[in-house]
Every structure is written in C-alpha cells, then in structure tokens.
C-alpha cells in the first residue's frame, strides 16, 4: 500500500483533469502513491468522467458543496491513511521523477512540508507566481518568492537550484507530513481560499518544524484556474486573510505597529487601483479591511496557542525589510538582491 496520497481538490475543473491527470498517472507509479480527486461540489461532469475513465486508478471523494481550498483539503485529508499527502492543483503538470525528491526531503522528523520548483506552464523557462522556488515573507506580512517579487517573475537560469529553508510552501503543490498537519489542526477553514498555506507554515515553524523548497523536483503551473489574477474576490481574500494571518500569529508587541503600517500600504495599493481605472479592486481592498476588523474577535481564542516558541523574525524565510519599498524605491526586483538579509 503506498504511503503517499496525491490529492487534487477539484471544482468544475474537468478541462484541467483531462489535460493533466493522464501525465500525473504516467509519472506517478501506482506502487508509489495513491491518486485521489476530492470533488468540491462540482456541477460539471468531472465525477462521471473520472468514473468512466479512471475508476480503478483514481480514488474519488465527493463533497455536497464547494468548501473552498482550506476546508475542502481539511475534509479530504481527514480520510487519508497515509503518512504523507501531496496537495496538487488540478492545473499542474508534473514531470518525470517529480515525487522522489520531495519524499526524500520530508523524511526527517523536523520537516513538516516541502515543495518543488514551480515554473510557468505558459512560459516554461520562467518561474510561476504561486510559489516559484520557495516562499518568504517580509516584516509587514507581504509574501514573496525566490523567483517572484510582487508581480514580477524571474526567468529560471538555475540561480535557485539549491534546497532551501523557506517561510512557506505553496498550496499549488506541497507535500505535508500528516502527523504535523493534524497536530496543527490543518488549514484555517475560515480563510476559504488564499493565504491558508502561509498561515499553516507559520504555525509549523512556531511549533519547531521546518519547511523546505526542493528544486530537484519540477512542476509546471497554469495559475489562475479558479480566480484569475486581479479578480476583486481574489484581492479581497488575499488582503483579508493576510491580515488574519498577522493577527493570529504575531506577538502583541509587534501586532499594532504592523497592522497600522499595513493599513497605510494597503490604502496606497487601493488608490493605485483607483487611479488605474479599477474601482472594483479599490472596493475589494476596503471591504477586506472592514471584514478583518469586524471578524477579528473570532480569532482571539487562537492567538495565544499560536504564539508557541519564536516570533517570525527568528523563522527561516523572514525578510526584515519591506519588499514594497525595495521594489518601488530601491529598484530591487530579484530575490538575489534580497537574499543576504533573509533568515536562514
């Protein structure tokens, strides 16, 4: 019996399943891993197509509604009996030998999650936005990657070929150790989608685990399959959930100052949207802040348990500067210009 479940959370993604599932099966021998498709209340023909074409090879789990990324994966992984699970987006193309480097890297007891190199499916020599070669975070809670700062992605020339401790691993493709996932309570279901993997990896590190990027494994990601970049709902979820992540996990001495700075920086971003003729995105940022201040009381009970060992400036993958200031004022557009200051 394989000790790995490769779990695809599907929502009306039949076109991606048809395109990428055959390659996943080809590059994931049955003796190595069980492939699972957890269907999040799809209204297309995903389940019928799976039953007709892969009924014996792919296990399916069917949910009664769309629970979002966070709760959808929580429910799916509750049903796994394996020690490891790969969370894999339906719009990801895996490559020959993709699984072995991840499994080898996650074996040590102190490793909770690992991720491969994420390249763009459309431009295969470029990193992809959602993860690139590993996730990091700056002092104000803005995530960035080796290979991607803000919206600028780098070409992959082998500059980030080394295994690396990171702050977070991407939900587009990440392997988790199930004992660690269960110990931390899985994803925060209230996030619905976006930023939940950063919150989880923050909790992993606070509990003494490490998370790694393993470029020896490579996958290609389409990206934006559910919500495209610039979609107001996506902006709302990213901003709101980023604020929730800070509120849940920051020590009190850092929290107020960081939230005040975030209010200013997010406000500037909102007005940038307005000047660009994108009023719906401007409104999305305002709604995200209003939702955070309205709902943050729900998170007060979880703040204390989350502050377990170290503040984030002691974690791997923490950058003590501001990527916004570095990008726009200091013209630092590549991760290599920042890496000397990132905690190891």
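The values are calculated or read from the model by the stated rules, or taken from the named source; none is laboratory data. The structure displayed is predicted, hence computed values, not measured ones. We place every Cβ from the backbone using ideal geometry, glycine too, and count neighbours over all the protein chains shown.
Some observations on this one:
- Residues considered: 76, 105, 85. Of these, the only one that is in contact with a helix residue (DSSP H, G or I) (Cβ under 8 Å, 6 or more places away or on another chain) and either without any contact (Cβ under 8 Å) to a residue 40 or more places away in the chain or outside any loop (DSSP other than H, G, I, E, B) (or both) is 85.
- Counted as qualifying within the range 272-344 are the helices (runs of 4 or more DSSP H) with 3 or more residues that are at pLDDT 95 or above and within 15 Å of residue 144 (Cβ to Cβ), namely 323-328.
Per-residue answers, yes or no, for (1) in a loop (DSSP other than H, G, I, E, B); (2) touching a strand residue (DSSP E or B) at 6+ places or on another chain (Cβ under 6 Å); (3) closer than 26 Å to residue 104 by Cβ:
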site: 176; (1), (2), (3): no, yes, yes
site: 187; (1), (2), (3): yes, no, yes
site: 190; (1), (2), (3): no, no, no
site: 218; (1), (2), (3): no, yes, yes
site: 223; (1), (2), (3): yes, no, no
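- Scanning the range 1-48 for residues that are assigned to a loop (DSSP other than H, G, I, E, B), at pLDDT 95 or above and closer than 17 Å to residue 80 by Cβ returns 28, 33, 40.
- Some residue of the range 143-160 being in contact with a helix residue (DSSP H, G or I) (Cβ under 6 Å, 6 or more places away or on another chain), over 26 Å from residue 328 (Cα atoms) and part of a loop (DSSP other than H, G, I, E, B): no
- Against the conditions (1) in contact with a helix residue (DSSP H, G or I) (Cβ under 7 Å, 6 or more places away or on another chain); (2) surrounded by 22 or more Cβ atoms within 10 Å (Cβ to Cβ); (3) in a strand (DSSP E or B), residue 243 satisfies every one except (3).
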